[in-house]
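A.B. asks: Next up is a structure, given as structure tokens.
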Amino acid sequence: MKKLEMLYEGKAKKVYKTEDEKKYIVEYKDDATAFNGLKKGTIGDKGIINNKMSALLFTLLEEKGVPTHFEGQLNDREMLVKAVEILPLEVIVRNVAAGSLAKRLGLDEGVEMKTTVLEFCFKNDALGDPMVNEDHIEAIALATKEQVALIRSYALQVNQYLRAFFIEKGLKLIDFKLEFGVYEGKVILADEISPDTCRLWDAETNRKMDKDRFRRDLGEVEETYQEVLSRLQK
Ligand code: UDP
């Protein structure tokens with residue numbers, strides 16, 4: 001499958017049309033941003049790692065029965081995906097307090113949630129992706145009630161499957177962000193699943209093994225991304 005015109009360039013990925021109007025090619029970049037674009041940098045080979053890790057996890061989720069946009073890995077940096085219409089929502093799933101949740105509720109990072117917490121944010125860079133509830137989502141037509149119900153159910157299933165998979169690899173899944181799209185009228189999982197979008201802590205030491213190393217200047221960013229991928233491939 002050949003790349004045609006570029007449709008969209010985001011912070012971490014480029015999306016291209018293909019000869020098949022129902023398929024896109026996603027190219028993963030090494031560029032990294034944090035704090036709504038305020039901090040910019042690159043993480044060497046991140047694009048390759050995130051492409052491979054997303055391919056691996058989308059394959060696992062498809063096997064478990066969660067529909068995704070993933071069609072196949074094309075090469076180191078590119079995957080073929082279904083041409084979805086992305087819903088303007090970021091779906092955040094939290095098992096342990098960290099990041100903005102710890103700050104907002106005054107919790108220490110690492111405090112376990114008694115039950116899994118789901119949050120929705122309106123995907124809008126100019127507004128800084130504000131948090132919205134299900135009433136807002138319906139009231140401003142970001143998604144329908146039925147779509148939100150499906151998204152909730154898929155997000156919780158993804159959490160269950162990924163948690164179990166990561167812990168086998170010595171990684172705790174603290175929180176993560178998902179995006180969903182609509183394809184042939186159906187809601188499916190889209191975007192990526194990588195150390196850019198998940199918080200992963202070493203199960204023994206609680207060492208941060210994700211984008212927080214970049215956000216918080218913790219060092220060994222590239223090495224840690226590589227380490228996560230190689231653990232998952234074992
Ligand atoms: N996240 C993401 N993209 C975003 C915001 C959050 O991938 O635009 C992920 C983030 O990596 C973490 C989870 O969602 O795994 C929860 O992030 P949080 O709300 O704590 O925000 P942050 O601390 O990243 O500002």
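We did not get these values from a lab; they are worked out from the coordinates using the rules stated. Keep in mind that this is a model prediction, so the values were computed, not measured. All Cβ positions, even for glycine, are placed from backbone atoms using ideal geometry, and neighbour counts span all protein chains on display.
A.B. asks: Could you point to the residue in 209, 197, 48 farthest towards the positive end of the chain's charge dipole, with +1 and -1 charges on the Cβ of Lys/Arg and Asp/Glu respectively?
C.D. replies: 209
A.B. asks: Per residue and in cubic angstrom, what volume does the convex hull of the Cα atoms of segment 102-151 have? Each step should come with its number before you reach the end.
C.D. replies: Details: hull volume 5.4 nm³, N = 50.
Hull volume normalised by residue count: 109 Å³.
A.B. asks: I've got another one for you. Could you work out Rg/(2.2 N^0.38 Å) for segment 184-234, with Rg from alpha carbons only? Intermediate results must be reported in sequence, preceding the final value.
C.D. replies: On the way: Rg = 13.6 Å, N = 51, 2.2 N^0.38 = 9.8 Å.
This ratio for segment 184-234 stands at 1.39.
A.B. asks: Please compute the Kirkwood hydrodynamic radius over segment 126-234, one decimal place, Å, based on all pairs of different Cα atoms.
C.D. replies: Working: mean 1/r = 0.0635 Å⁻¹.
About 15.7 Å, per the Kirkwood formula over Cα pairs.
A.B. asks: While we're looking at this one, here's another question. Put one equal scatterer on each alpha carbon of the chain, apply the Debye formula with no solvent term, and list log10 I(q)/I(0) at q = 0.17 1/Å to two decimals.
C.D. replies: -1.46
A.B. asks: Evaluate 2.2 N^0.38 Å with N set to the residue count of segment 1-125, then give the Cα radius of gyration divided by it.
C.D. replies: On the way: Rg = 16.8 Å, N = 125, 2.2 N^0.38 = 13.8 Å.
Here the answer is 1.22, to two decimals.
A.B. asks: Given an 8 Å cut-off on Cα distances and at least 6 residues of separation, report the relative contact order of the chain as a percent.
C.D. replies: Numbers: 427 pairs, mean separation 40.9, N = 234.
Relative contact order, the chain: 17 percent.
A.B. asks: Which far-off residues, 5 or more places away or on another chain, put their amide H under 5 Å from the one on residue 87, with H placed in the peptide plane?
C.D. replies: Placed amide hydrogens put 180, 181, 182 under 5 Å from residue 87.
A.B. asks: Provide the per-residue ³J(HN,Hα) series for segment 42-55, in order, calculated from phi with Karplus coefficients 6.51, -1.76, 1.60 and θ = phi - 60°, each as a whole number of Hz, with x at glycine and proline positions.
C.D. replies: Ordered by residue, 3J(HN,Hα) equals 10, 10, x, 6, 4, x, 5, 5, 5, 5, 5, 5, 4, 4 Hz.
A.B. asks: Along each principal axis of its Cα atoms, how long is segment 125-188 end to end? Whole angstroms, biggest number first, please.
C.D. replies: 41, 30, 19
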